[in-house]
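Below: the structure, in C-alpha cells.
None of the figures in this text is laboratory data; all of them are computed from the coordinates on show. Fair warning: this is a prediction, and the values are worked out from it, not measured in the lab. Cβ coordinates were reconstructed from backbone atoms using ideal geometry, including for glycine residues, and neighbour counts include every protein chain displayed.
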Amino acid sequence: MTVENAELLERLNEKEQSLEGLLKKTLAAQEEERRRLARELHDETSQILAAIMMNIDVVDRQLQSRKPYRARLKAVKALAEEAARNLNKVLLDLRPALLDELGLVEALRWYVSQMQEVWGLPVTIQAKKMPRLPEHVEMAAFRIAQEAVANAVRHGAPRSIRMKVAAPDGTVRVEVEDDGSGFDVAGAMAKARTGEAVGLLGMIERAELLGGRLEVQSQPGKGTRISAEIPIGGG
Ligand SMILES: Nc1ncnc2c1ncn2[C@@H]1O[C@H](COP(=O)(O)OP(=O)(O)OP(=O)(O)O)[C@@H](O)[C@H]1O
Ligand SMILES: [Mg+2]
C-alpha cells in the first residue's frame, strides 16, 4: 500500500515538474515574441509614422495659400499622431526596453511616469534602490506590477493606484494597491480557472514558478491589493 502510494506520489511529482517546465518555456517564448514584435514595431512602424508626419509638415508649408488642403492635411496629421500614440502604448506594454538597460526600479519608475504623463492615470510609485536582479526575476516582477496596474485601470476606476517596490532580505517585493471598486476574489479565481481570464492566474503563476507567492486581497467596494514576494535566487 505505502509502496504504491509512494510510486503514485512520485509520478504526480514528475507530472507537476514537467508541467512547470512547460509553463516556464511558454512564458519565455512569450517574452521572446514580445521582444521581437516590439523591435519590429519600433524599427519600422514608428519610423514610418514619423516620416508621414514630417512629410505632412513639408507639404503644409508648401500649401500656405491653399486653405482647404491645409485643413485636410491637418486632419491627416492628427490621425498619424493618434496612431503614433497608440503604437507607443502597445510598445510600452510589449517590451519595456528600459528593463534590460536600467533594471526593475528605473523601468517601473519610467512605466509609472508614462502612465501619469501620457495617459493621465493616477499612479504613483515608491521604490527602494536595489542592485540588478536576475533577468527572469526582474521580468516577473515587472509583469506582475504591470498587470496589477492594468487591472486596476481597466476594472476598478480608482482615484489612486500606489505601487511599492523593494528588495529586502533576498526577496523582491511588489505591491500594487488601488482604491477602486474591488471585486469578489473567489468568484474571479473560479472564472480564471475556466480559462476566461489570464491576468490574475498569470501573476500568481509567475510568482510561484520562481518559488515566490502572490496574494490578492480585494472586496467589492474596498479596493484591491496585490502583493508579490519573489526570492531573488529562485527559479
Ligand atoms: N484591481 C481590480 N479592481 C477591480 N476588479 C478587478 C481588479 N483586478 C481584477 N479584477 C476583476 O477580476 C477579474 C479577473 O482579472 P484578470 O486579470 O484575471 O482578468 P481580466 O483583466 O478580465 O482579463 P485579462 O486576461 O486580459 O487580464 C476581472 O475581470 C475583474 O472583474
Ligand atoms: Mg487582467
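Below are the figures for this structure:
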quantity	calculated
Kyte-Doolittle mean at least -1.0, axial Cα span of 18 Å or more - DSSP H helices of the chain	47-62, 67-94, 104-117, 135-151
Most fluctuating residue given options A166, A148, A71, as computed from a GNM of the chain linking Cα atoms under 10 Å	A71
Local net charge near R72, Cβ-Cβ under 14 Å (Lys/Arg +1, Asp/Glu -1)	+4
Under-5 Å amide H pairs with S160, H placed in peptide plane, nonlocal only	D179
Phi-based couplings in Hz for region 152-167 (Karplus 6.51, -1.76, 1.60; Gly and Pro marked x)	4, 5, 6, 10, x, 6, x, 7, 8, 10, 10, 10, 10, 9, 7, 10
Within-10-Å neighbourhood charge of E135 [Cβ basis; K, R +1; D, E -1]	-2
Net dipole in debye of region 1-144 [+1 Lys, Arg Cβ; -1 Asp, Glu Cβ; about Cα centre; nearest 20]	1220
Sequence-distant lysines (8 or more away, or on other chains) whose Cα lies within less than 16 Å of K25	K15
Gaussian network model of the chain, Cα within-10 Å springs - most flexible of D169, D179, D100	D169
Reach of K77 by Cα under 17 Å, taken over lysines that are not fewer than 8 positions away in the same chain	K67
Fully extended contour minus Cα-Cα distance, from E20 to D169, at 0.36 nm per residue	51.0 nm
Modelled FRET efficiency - R0 30 Å, R193 with E40, Cβ distances, 0.05 increments	0.30
Restraint check, K128/K222; K24/K129; K89/K164; K24/K222, Cα-Cα greater than 25 Å	K128/K222; K24/K129; K24/K222
Cα gyration tensor shape for the chain, rounded if a/c is under 1.5, else prolate or oblate	prolate
Per-pair calculated FRET efficiency, R0 = 22 Å: L201 and E82 via Cβ, rounded to 0.05	0.05
Residue (of Q146, I125, P220) at the positive-pole extreme of region 105-235, dipole from beta-carbon charges	I125
³J(HN,Hα) computed for each position of region 96-103 - Karplus, 6.51 cos²θ - 1.76 cosθ + 1.60, integer Hz, glycine/proline x	x, 4, 5, 4, 5, 7, 10, x
Estimated distance in nm for a label pair at L63 and Q116, the labels positioned 7 Å out from Cα along Cα-to-Cβ	3.9
Three-way shape call for region 100-231 based on the alpha-carbon gyration tensor, with the a/c threshold at 1.5	oblate
Cα-centred dipole magnitude for region 136-235, charges only on beta-carbon of K, R (+1) and D, E (-1), debye, nearest 20	180
Surrounding net charge for E4, when Lys and Arg each add one and Asp and Glu each subtract one, Cβ distance under 14 Å	-1
5 angstrom amide H check on V172, placed H, neighbours 5+ away	I230, I232
